[in-house]
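**Q** I'd like to ask some things about the structure below.
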Amino acid sequence: MGGYGSGRWQWYSKKTTVEECRSLSTTDLLRDGFLQPGQTVTGLASRWYVGEREVASIGIDVDAYETESAYCRLYYKQSDRQYSYIVDLVTTEPHFGGVQWWFVCPLCNKSRCRKLYLPPSGGRFGCRSCHDLTYKSSQESDKKVNALRKLPVLDLLQGINNGSIDFFLGFKAIPDEVWRGRW
C-alpha cells in the first residue's frame, strides 16, 4: 500500500505554463511603436521561430487615435484556420506620470492585463486566468531550499555566517522557530 505508482496522480496532467504559450505584451507593442496616442499603426507585431525557421507571426492594426476608444485588431493563422478579432485597449495614469496601456481580455471582457497568451492548443489570445495558465516555477520544487530545511538550526546559521550557505537561499529556508526567537 502506498508504493511506487500507487494512487491516481498519473491520471492527472500538469497545467499549461505561460512559458509554453505565445504571448503578446503591451510593453513590447509600446517599445515597437504600435501604441502611439493619436495615431493608427499597422504592422507585424511578433514572429516566433524554431531554430532559423519562422513558425508563426501575428499582424496587428492599432487604432489609438482616441485613447478612450483605443483598440487593436489581431490577425494570424494557426492550424490552417484564420483568426481576426478586436482586442480593446485601456489606459491608466500611474502616480509617476505618463500613460500605462492595458489589454482587455477578449475572452472574458473583464480582465485588464499587460500580456495576452495563446496556448499551444490554439484558439484565441486571452488572459492567464481564462486559459487557466500557471508559471513553470510554481510546478517545480527548489531542492536546495528543501535540503537547507533539513539542517539543524545552529548548523544553518553557522553555514550562513561562514559563507558556505548562500545567504538568500539560507534566509528563505530558516525555520519558523528561528524567526519567533525560540532557538
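The values are calculated or read from the model by the stated rules, or taken from the named source; none is laboratory data. Source: prediction; values computed, not measured. All Cβ positions, glycine included, derive from the backbone under ideal geometry; neighbour counts span all protein chains shown. Ligands, DNA and RNA are stripped out before the accessible areas are found, and what is left, the full protein with its side chains, is counted by its heavy atoms. Shrake-Rupley method; radii C 1.70, N 1.55, O 1.52, S 1.80 Å.
**Q** Considering every residue within the range 53-72, establish whether at least one is in contact with a Ser or Thr (Cβ under 8 Å, 6 or more places away or on another chain), in contact (Cβ under 8 Å) with a residue 40 or more places away in the chain and not β-branched (Val, Ile, Thr).
**A** Taking every residue of the range 53-72 in turn, none turns out to be in contact with a Ser or Thr (Cβ under 8 Å, 6 or more places away or on another chain), in contact (Cβ under 8 Å) with a residue 40 or more places away in the chain and not β-branched (Val, Ile, Thr).
**Q** For the range 43-112, please list each of the strands (runs of 3 or more DSSP E) lying entirely inside it that holds at least 3 residues being among the hydroxyl-bearing types (Ser, Thr, Tyr).
**A** In the range 43-112, 71-78, 81-92 are the strands (runs of 3 or more DSSP E) which contain 3 or more residues that are among the hydroxyl-bearing types (Ser, Thr, Tyr).
**Q** Filter the range 1-25 for residues that are open to solvent by less than 100 Å² (accessible area, probe 1.4 Å) and more than 17 Å from residue 129 (Cβ to Cβ); which is modelled with the highest pLDDT?
**A** Here the answer is 22.
**Q** Residue check, residue 75 against (1) modelled with pLDDT of 85 or more; (2) farther than 30 Å from residue 56 by Cα; (3) not charged (D, E, K, R), all met but one. Which one?
**A** All conditions pass for residue 75, except number (2).
**Q** If you go through the range 132-158 one residue at a time, how many are assigned to a helix (DSSP H, G or I), open to solvent by less than 70 Å² (accessible area, probe 1.4 Å) and at pLDDT 75 or above?
**A** The qualifying residues number 2.
**Q** Considering only residues of the range 47-82 that are of a type in the set (Ser, Thr, Tyr) and open to solvent by 30 Å² or more (accessible area, probe 1.4 Å), which is nearest to residue 122 (Cα to Cα)?
**A** Among them, the one singled out is 79.
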